[in-house]
Amino acid sequence: MTRITYRSTVWFAATLLATVASARAQPLTTVLVASGLTKPVSIAAPPGDTTRLFVVQQTGQIRIIDLTASPPALLATPFLDIAPLINLNVEQGLLGLAFDPNHATNGYLYIVYNNTAGWIVIGRYSLSADPNVADPTSAVILKTIPHSLGGHNGGCAHFGLDGYLYVSTGDAQNFVNAQSTGVLLGKMLRLDVNNPPTYIPATNPFVGPGNPLDEIWALGLRNPWRFSFDRLTGDLYIADVGYQHQEEMNFAPAASAGGENYGWPCYQGASAFMPAGCLPRSNYQFPIHSYAHTPGGFCGGAVIGGFVYRGSAACWLRGAYFFGDHCKDSIWTFRVADGSANELTQRDAQLAPEGGLSIAKISTFGEDADGELYIADWWDGEIFKIVPGPGLLDIASASPTANYVDPRQDLTSGAPAGLGAFTITLPNSNGGYCPSDITVDCSGGSPCPTVTSVSMTANAVFSVALDGPIPPSYCTRFTFAHTAPGAMNPLTYRFLPGDVNADGTPNTQDLLALVSALSSGTANLMTHDINRDGTPTTQDLLRLVQLLNGTASTRVWHGATLTCP
């Protein structure tokens, strides 16, 4: 089996900073959060639970990773073990897990597995008195779906933002099933877990007498092994494993009323596959993205669906959809805009951990309660977290130039504007910066402004926006995380205003304030050195009069060195 050797990294940020070369400035990477698992195939977290991550083992167990431990710890006792109930045959076993949206109050969780006959079972379990252990006697079976062969089970489960449970099923290696509306194979199902005994939402697209069956939300799927919802928008992404030639990613916006037919086996990707007896092309929903198999070999491609990133650690990637391939050991992202996939980026090397570890045979992605993403290595039984790389880069330039300028408007044109934004150039940044990555310290009597956004405006050039201008008389320092200490980090802006009394308007009251400061001996460089000669004196009175009369303008100050208090 093909395996890619990656570089590993350690969990905590301090060691990360010490081990990553400066050339890898602010990319993504992966850190190992758990090992010792057996065939992990699904990763989930209860809504709002930021302390734990639950991993489904194909062999029939659900394990818990304690995220509060440093490093995170895999608990020895399984959360649930249904090994005696399952058929573990190649692609079968315990496959999916979804926590009820009200899990915190009702303790419900839903699983998808193959029973000993190989049929697909959708079941509900409840917590025991121990929140780290489910009650094995609490099973309630929602659906049992006949399945003829070992392959193509689907088996993924998620709740949509509408509160309904969605479950994917494969076609059981029978081309006919995906288009047959009288079976639940090769479909996306939508269930109302609060509506027993049928569990069918009244708003499903095919509710009514006869076929299509009422549980069906969408059809025409081959093996939708993994799908997910964008937790922000509710958009649905379905990765459907292809046959011989193409792998495909399907998409449905949150506003969809269901009923999509994704085309298998009439079409594979956008190409006709078995068109005999099929409907006109306009009846099918075609992939938002597809790619070709690698020629030759047993496993030329097997797409593994992931998630849209909505975390905070790598804020510049919010809205990017992550997915991978089990056979190629590859990972990509794209963004959906106007119904099409854009910005397709391959991230294999970027997500490489260090130290000889590997991410081999990707089986699933996962999302924790904070929206951070994880990758499961099925082959080695490891879970990796996607995190920003800690690359140490130098800030190449800033505009306005830091450390010696007064970037306010000319006092002759009105009130000073202050500094409400600036740009920095970070060569090889390979990604972005988050507001939380920038620490702001300033002198003065008012609160410091805060960083509201950081956006890339050009290659390696980032615009940093503040929630308000830095007031006159401030000395403000911006320190950037993941950035090497140097002449430009921290960026320090020193303001020597004509608005001496800091009321926002330069006028004759500032003359009085300056006279008072000079007379009392309290004049200082930060506020009272109007002519920028490095010493507050009566000459600053003359300079201020000139500014107020409009006979001179502000200028860059290259005087005495100032330090922020």
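Computed on alpha carbon atoms, what radius of gyration and Dmax characterise region 61-172, expressed in Å?
14.6, 45
What is the extension gain from Ala139 to Gln509, computed as 0.36 nm multiplied by their sequence separation minus the C-alpha to C-alpha distance, in nm to one decimal?
Gain in length upon complete extension: 125.4 nm.
What size of dipole, in debye to the nearest 20, comes out for region 5-388 about its Cα centre when the only charges are +1 on Lys and Arg C-beta atoms and -1 on Asp and Glu C-beta atoms?
Around 320 debye, computed over region 5-388.
Under unit Cβ charges (Lys, Arg +1; Asp, Glu -1), what dipole magnitude, rounded to 20 debye, does region 184-299 have relative to its Cα centre?
140
What Kirkwood hydrodynamic radius, in Å, does region 5-388 give when the mean of 1/r is taken over all pairs of distinct Cα atoms and then inverted?
By the Kirkwood definition, the hydrodynamic radius is 20.9 Å.
Could you rank the peptides 38-51, 142-155, 332-345 by their average count of other C-beta atoms within 10 Å per residue, with the highest value first?
Packing proxy ranking, top to bottom: 142-155, 38-51, 332-345.
Could you run the Karplus curve 6.51 cos²θ - 1.76 cosθ + 1.60 with θ = phi - 60° over region 29-41 and give me ³J(HN,Hα) per residue in whole Hz, x for Gly and Pro?
Calculated HN-Hα couplings, in order: 8, 10, 10, 6, 10, 7, 9, x, 8, 10, 6, x, 10 Hz.
Within 10 Å of each residue's Cβ, count the other Cβ atoms and sort Ser290, Ser516 from fewest upward.
Ser516, Ser290
If I take R0 = 30 Å and measure r between the Cβ atoms of Ser126 and Ser436 in this structure, what FRET efficiency does the formula 1/(1 + (r/R0)^6) give, to the nearest 0.05?
The pair Ser126/Ser436 has a calculated efficiency of 0.20.
Throughout, read-outs are computed from the coordinates displayed, never taken from laboratory work. On a predicted model such as this, the values are computed, not experimentally measured, just so you know. With ideal geometry, Cβ positions are generated from the backbone for all residues, glycine too; neighbour counts draw on all protein chains shown.
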